[in-house]
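To start, the structure itself, in structure tokens.
Read the figures in this text as sums done on the coordinates, not as results from a lab. No experiment lies behind these values; they were computed from the predicted model shown. Neighbour counts run over all protein chains shown; Cβ positions are idealised from the backbone, glycine included.
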Amino acid sequence: MSALRRVAVVGSGPSGVYTVQALLERDRSGALAVDVLDRLPCPYGLVRYGVAPDHEKIKSLQHTLRGVLEDPRVRFVGNVPVGGGGIAPEELRGLYQAVVYCVGAAADRRLGIPGEDLAGSVSATEFVSWYSGHPDAGGGFPLDAGSAVVLGVGNVAVDVARILVRGAAELRGTDMPQAPLDALARTAARRVHVVGRRGPSQAKFTTKELRELGTLPGVDTVVREAELLRDPRYADPAGLPAPVRRNLAVLGDWARRPDTGAARRVDLRFFLRPVAVLGTAAGAVRAVRFERTAPDGEGGVRGTGRFHEIEARWVLRSVGYRGVPLPGLPFDAATGTVPHERGRVLRDGVPAPGEYVAGWIKRGPTGVIGSNRPCAKETVASLLADADALAARPVPEADPLPRLGGEGRTPVPWSGWLGIEAAEAELGRTLARTSVKISDWPGLLRAARASGHS
Ligand code: NAP
């Protein structure tokens, strides 16, 4: 690896930073220089813009990621989009001996049912982006709706349900931007239905996240025993993995717990497959229609021909993330990933010299943050196995930095990000809160410039 000098990692979320870490750990030469490019002026990807603001412990992972990005062999270059309006993969390939794409899965999966796009039906990822202060996030959520339906029973569904019923007073101590905090304070949903199409033993949420729902002050978490009993594995969970058994135990406890009549409640529902989002004459959501399902004996479900409606003016589709194609890189639309072989990008089925992938764009949007570490290690092992050939690839001696920005766009270096951090701490002070996120592009770029980097 001694001759490998210049590598770019695209994306500074967990998969990007774990890739950098794996590269640094194996670098014995000290000659390696890694540029970490991000289209945002801020690092950390979904740790900053996906982990719920009230999950401070998970968010504190930023300190570990920061240590990697502050290594002298690493240079963070923000505000640099790659592909589609930014520098093309083809050009990057000419500037670096190897490029590792760690761009995640930026879109949401579709349900493919009528009414999915009615006003008031949004993807949970849009809502997460909004309350996380992502500068590209939209708004316009029907926050005055007294109830909401969340489709899907994964950790994102649990996150959005919790944020909806949690009081603003509890969220004030987080870094949530002031505008969503104020909006949630005025209009927190009173009743949130979280609905799974399969049974409780197939739910995707993890026990820690599930349990937390049951500890929220002033919130009833409601489970119907009849829906648990319909799951054959609920009666005999012996053969199930321990995490699933733990989920079932928590749900069973809740089913037996008395309803306290709390003002806010989360209804966890199972065996209901969404078949249509129903609208008003004006085109707004009024309810979701479900078909009741029953276990098919093989882990899936079959329809029963019986239907059920849940009324709500707000639907949050929380059925998983989806990778989006990066112009100039191959893409498999069926899986939403870049075709690869142990992290080597495949072009027409053949490994493309110098191009790699790691994280969700490599393996799909599954697993917890830590799952990105072995994934990154596998990619870096492939890259290092190719090191001799990569080192022989001719790249210009000159610093690639001036080529990265493009028209009218000034890259934001690490010092610029530190400027943003300082401005967010200052904003928090003026609001008598902890650090508060800046959530608009002009504000972020102004804060980055104020650090004096350009
Ligand atoms: P997920 O875990 O894949 O869950 C998606 C849910 O949507 C599943 O319940 C799935 O049901 C359901 N679904 C999919 N297609 C559907 C359809 N057509 N109709 C109805 N339901 C459908 O996705 P996620 O919640 O977005 O999470 C993504 C990843 O991020 C996960 O690995 C998650 O653990 C992770 N994450 C972790 C945390 C945390 O650790 N605190 C927080 C947020 C996210 P089926 O199982 O029946 O397909």
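Within the straight-line cut-off of under 29 Å between alpha carbons, the lysines reachable from residue 377 are 57, 59, 204, 208, 362, sequence neighbours fewer than 8 places apart in one chain being disregarded. The length gained on full extension between residue 385 and residue 263, counted as 0.36 nm times the residue separation minus their Cα-Cα distance, comes to 38.0 nm. So if the hydrodynamic radius of the range 110-319 is defined as the Kirkwood radius over C-alpha pairs, what does Stokes-Einstein give as its diffusion coefficient at 10 °C and 1.306 mPa s, in µm² per second? Reported coefficient: 91 µm²/s. Taking every Cα-Cα distance in the range 77-178 and sorting them into 5 Å bins from zero, the calculated P(r) comes out as 2, 8, 16, 19, 16, 10, 11, 9, 5, 3, 0 percent.
Spin-label pair residue 229-residue 429: with each label point 7 Å from Cα along the Cα-Cβ axis, the two points sit 6.1 nm from one another. Over all pairs of different C-alpha atoms, the range 366-427 has a mean inverse distance whose reciprocal, the Kirkwood radius, equals 15.9 Å. What whole number of Å gives the distance from the Cα centroid of the range 125-156 to the Cα centroid of the range 388-410? For the range 388-410 versus the range 125-156, the Cα centre distance is 39 Å. The ellipsoid that matches the Cα gyration tensor of the chain has semi-axes, each √(5λ) in whole angstrom, of 41, 26, 20, with the longest given first. Taking a ≥ b ≥ c as the square roots of the eigenvalues of the alpha carbon gyration tensor, the range 234-337 is oblate, as a/c is not under 1.5 and a/b does not beat b/c.
Note on residue 212 and residue 5: with the Förster distance fixed at 41 Å, the Cβ-Cβ geometry gives a FRET efficiency of about 0.30. Summed over qualifying helices (DSSP H, 4 residues or more, each -39500 (n - 2.57)) and divided by its residue number, the chain shows a 222 nm mean residue ellipticity of -9500 deg cm²/dmol. Share of pairwise Cα-Cα distances greater than 22 Å in the range 325-454 is 60 percent (whole percent).
Scattering from the range 172-261 was approximated by placing one identical point on each alpha carbon and applying the Debye formula without solvent; log10 I(q)/I(0) at 0.17, 0.18 1/Å stands at -0.81, -0.88.
Length available on full extension from residue 282 to residue 298: 0.36 nm per residue minus the Cα-Cα distance, which gives 1.6 nm. If you find the alpha carbon centre of the range 13-55 and of the range 267-339, how far apart are they in angstrom? First find each Cα centre; the distance between them is then 33 Å.
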